[in-house]
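J.: Shown below is the structure under consideration.
The values are calculated or read from the model by the stated rules, or taken from the named source; none is laboratory data. Note that this is a predicted model, so its numbers are computed, not measured. Reconstructed Cβ throughout: ideal geometry from the backbone, glycine too, with neighbour counts over all protein chains shown.
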Amino acid sequence: MAERLTIGEFSRITHLSIRTLRRYHDQDLLVPAEVDAFTGYRYYSPAQIRPALAIRRLRDLELPIADLRRLLRAEAGGGDASGRAEGQQVLAAHLRRLEDRLGRTQRAVGALRELLDPDAERAVSLEVLPPQDVLAVSLDVPPGSDLTWYDAAMRDLDQAAGRAPVHPPGGRYEHELFTEGHGRATVYLPAEAPPSGDVPAAVRRLQLPERSAVVATHAGPHDDLDLTYAAVGAHAARNDLRSTGLVEEIYRIGPRDTDRPEQWRTLVAWLVEPER
């Protein structure tokens with residue numbers, strides 16, 4: 001094989017189109033071994049065949065161009081330990097993103113199959129939740145917020161509870177938080193001991209009253225939590241149970257307990273007026 005390949009020859013060998021090779025050059029991903037200063041013709045070396053095929057697959061896997069450049073620079077650095085470590089970090093981070101996306105896709109497919117199955121129903125029941133003393137943080141969640149408000153509330157509650165044994169945390173949310181994208185939320189932590197002396201200002205004691213609720217246990221990550229909400233809400237509507245305007249979530253097993261989302265268990269309680 002010649003030591004210098006025209007772009008056409010290189011294209012035939014790698015099955016990368018000439019247009020793609022030019023784009024890789026423009027993006028500084030695969031720079032030809034030689035570019036004729038007078039004609040502008042690009043020439044490649046046989047040693048660039050494997051990198052070209054690797055770049056194609058990494059782009060097929062949607063590795064961002066900036067990350068791909070970092071990876072290629074690390075690989076071109078002579079293969080020293082620091083270069084290999086940087087390259088591995090780039091690949092590991094992207095593989096995690098792909099795995100997360102695959103997991104979301106699989107869960108979406110599972111949810112669709114459930115929705116398309118007329119016989120699929122989630123277990124729902126009408127229960128009375130007992131009164132409970134909790135430490136709580138209440139706030140108005142503004143429009144467009146992510147979940148940082150929940151994380152901040154839990155940090156304050158953990159600080160207040162100290163090392164006291166606690167039951168699973170929970171939250172009480174106005175329906176408007178979901179329908180309008182903003183509303184009142186109360187995050188709580190049932191603590192078996194008085195709060196520590198260093199209590200954040202936002203934390204207060206609260207007694208949750210006895211309350212009637214249509215409940216269902218949601219298994220797994222929260223991607224399809226809307227299906228569980230739909231099950232409890234539909235049950236309340238079919239049985240003419242009047243909503244109090246609040247829904248409660250109790251995180252029996254959650255991210256605080258395990259980093260395996262398939263093991264999470266969330267009690268969803270659609271609070272309703274008590275039956276007379």
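J.: All but one of (1) surrounded by 16 or more Cβ atoms within 10 Å (Cβ to Cβ); (2) of a type in the set (A, V, I, L, M, F, W, C); (3) farther than 19 Å from Val124 by Cα hold for Ala201; state the number of the condition that does not hold.
T.: (1)
J.: Next question, about the same structure. Condition test on Thr244, is it among the β-branched types (Val, Ile, Thr), out of contact with any Lys or Arg (no Cβ under 7 Å at 6 or more places or on another chain) and assigned by TED's automatic domain parsing to the domain that holds Pro261?
T.: So Thr244 fits the description; yes.
J.: Name, by its number, the condition in (1) over 27 Å from the mean Cα position of the chain (by Cα); (2) surrounded by 12 or more Cβ atoms within 10 Å (Cβ to Cβ) that does not hold for Arg238.
T.: (2)
J.: Still on this structure, I have one more. So which of Val134, Val90 is surrounded by 11 or more Cβ atoms within 10 Å (Cβ to Cβ), among the β-branched types (Val, Ile, Thr) and not in a helix (DSSP H, G or I)?
T.: Exactly one residue qualifies, and that residue is Val134.
J.: A follow-up question, please. Are any residues in the range 204-228 within 27 Å of the chain's Cα centre (by Cα) and crowded, with 19+ Cβ neighbours inside 10 Å, and if so, which ones?
T.: Val215, Ala216, His218, Asp224, Thr228
Listed here are the residues, each with its yes/no results for (1) of a type in the set (A, V, I, L, M, F, W, C); (2) closer than 30 Å to Leu271 by Cα; (3) in a helix (DSSP H, G or I).
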{"position": "Arg23", "(1), (2), (3)": "no, no, yes"}
{"position": "Thr39", "(1), (2), (3)": "no, no, no"}
{"position": "Asp67", "(1), (2), (3)": "no, no, yes"}
{"position": "Glu86", "(1), (2), (3)": "no, no, yes"}
{"position": "Leu95", "(1), (2), (3)": "yes, no, yes"}
{"position": "Glu114", "(1), (2), (3)": "no, yes, yes"}
{"position": "Arg122", "(1), (2), (3)": "no, yes, no"}
{"position": "Leu126", "(1), (2), (3)": "yes, yes, no"}
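J.: Pull up the range 7-34, narrow it to residues that are in contact with a helix residue (DSSP H, G or I) (Cβ under 7 Å, 6 or more places away or on another chain) and polar (S, T, N, Q), then point me to the one that is nearest to Ala66 (Cα to Cα).
T.: The qualifying residue nearest to Ala66 (Cα to Cα) is Gln27.
J.: Additional query: Restricting to the range 1-12, name every residue that is touching a residue at least 24 places away in the same chain (Cβ under 8 Å) and surrounded by 16 or more Cβ atoms within 10 Å (Cβ to Cβ).
T.: Within the range 1-12, Leu5, Ile7, Phe10 meet the criteria.
J.: Would you kindly identify the strands (runs of 3 or more DSSP E) lying entirely within the range 174-276 that contain at least 2 residues that are in contact with a helix residue (DSSP H, G or I) (Cβ under 7 Å, 6 or more places away or on another chain)?
T.: Those strands (runs of 3 or more DSSP E) span 183-189, 211-219, 243-253, 265-272.
J.: Just for the range 245-276: of the residues that are of a type in the set (D, E, K, R) and surrounded by 14 or more Cβ atoms within 10 Å (Cβ to Cβ), which one is nearest to Arg211 (Cα to Cα)?
T.: Ranking the qualifying residues of the range 245-276, first place goes to Glu248.
J.: If you don't mind, there's one more thing I want to ask. Restricting to the range 43-60, name every residue that is exposed (fewer than 13 other Cβ atoms within 10 Å of the Cβ) and under 23 Å from Ala85 (Cβ atoms).
T.: Correct list: Arg50, Arg57.
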